[in-house]
Structures are given as C-alpha cells and as structure tokens.
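Structure, as structure tokens:
Read-outs throughout are calculated quantities, based only on the coordinates presented, and are distinct from any laboratory measurement. Everything quoted here is computed from the prediction, not taken from an experiment. For neighbour counting, all protein chains shown are included, and Cβ atoms are generated from backbone atoms with ideal geometry for every residue, glycine included.
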Amino acid sequence: MGTIVLSELDPKFKYEVAEQPGGENIKVCFSCGLCTAGCPVSEIDENYNPRKIIHMVLLGMREQVLSSDFIWLCSLCYTCYAHCPQNVKFTDVMRALRTMAVKEGYVHPSFPDRIKEIDNLSQKLRQQMALSILRRKSEDASINPAELLAKASREVERAKSPVS
C-alpha cells in the first residue's frame, strides 16, 4: 500500500462505491480476510488481496484504487462473495470500481471489453483442457498442462475459423 497521505484521501469514495449496484455492503467489511483466503487470483499472485482493496476503498484511496491494475485482475468468479460473512459482494464491488475507473478516465472506454474477451477466451481454453482429461477420468494418468493448453488453443482457433 505504501505511504498514506491524508490530504490525498477522499472520504466520500466509500459512499460513492456503496451507491453502486452491488457495492451497498462494502462499509460493513470487518477485514476478516475470507475473501482473500478463497480467491483463486490470490492463489497465483501473492500481491493480489481483495481485503486490501476493500481497505483502500474504505480509507478513501480513490486514485490508488481506480488506477490500480488489481481491479482488472479479478476473475469475477464470486468465490469471495460465497465466503463473506458480511455479504460484501466483492465481485460486484470490482465491477463498480471498473465502471468508475472508466468513467473517471483511468482506462480507455474499450478496455473492459478487452478484459471480457480475455475472460471468455480463458473459459473456452479451460473447458477444452477439461474435456481433454475428462475422457480419461477413470485412469490414473499424469497431465502435461502446456500440452493441454496447446491442444485447447488449436481447438478454440478451429472453432473460430469459418468452415470453407
């Protein structure tokens, strides 16, 4: 998080986030950390921390949050929400923060569509990879993730190509 400069804090920020659909409960977060403990993104990136993002919002760190790459790394899977005892809909909070980041000019208006395209592609690749190993689910076989990814990529590309 770095040094917090009080004069740069926006005390209205948490209220603006709370006014967004899904952001209503952000102020009741008590930083238990269950959102981070269950987050698949934090499992692969030790710097990704939903609890820290919420804390930054609650402190009023508007510019740091809206300019952060972290709001775009969330996979919007709702695992955090499923674990939250306070019903803080972190996934919806992330959507609200993304909308605010676009509206306030921190990212180009087309950026959310590019992220969505990546999200869709990653789901297609995951599905193809899972289908590859499902065919052998009754076997005790090791897998080569790189090989599965290459095969899945070819399948996804083949599905995109028009039939000639």
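Of note:
- A cysteine counts as unpartnered when no other cysteine's C-beta lies under 4.7 Å of its own; in the chain this applies to CYS29, CYS32, CYS39, CYS74, CYS77, CYS84.
- Where labels lie 7 Å past Cα in the beta-carbon direction, separation of SER161 and TYR78 in nm: 3.7 nm
- Between the listed residues SER110, MET56, LEU121, the Cα displaced farthest toward the positive end of the dipole of the chain, a dipole computed from Cβ unit charges relative to the Cα centre, is found at LEU121.
- Close Lys pairs in the chain (alpha-carbon distance under 15 Å; sequence gap of 8 or more, or different chains): 11.
- Sites SER67 and PHE30, calculated FRET efficiency, Cβ-Cβ separation with R0 30 Å, nearest 0.05: 0.70
- The listed peptides 55-65, 118-128, 36-46, ordered by packing as a protection proxy, come out as 55-65, 36-46, 118-128 (highest mean of other Cβ atoms within 10 Å first).
- Theoretical FRET efficiency, 1/(1+(r/R0)^6), r = Cβ-Cβ of VAL5 and GLN86, R0 30 Å, to 0.05: 0.60
- Computed over segment 20-139, relative contact order equals 29 percent, with contacts defined as Cα pairs under 8 Å that lie 6+ residues apart.
- Charge dipole of segment 79-164 (Cα centre as origin; +1 on each Lys and Arg Cβ, -1 on each Asp and Glu Cβ, all else neutral): 160 debye, rounded to the nearest 20.
- Relative to the longest principal axis of the Cα atoms of the chain, the long axis of helix 90-103 makes an angle of roughly 70 degrees.
- According to the Cα-based calculation, Rg over Rh for segment 2-70 is 0.97, with Rh computed by the Kirkwood formula.
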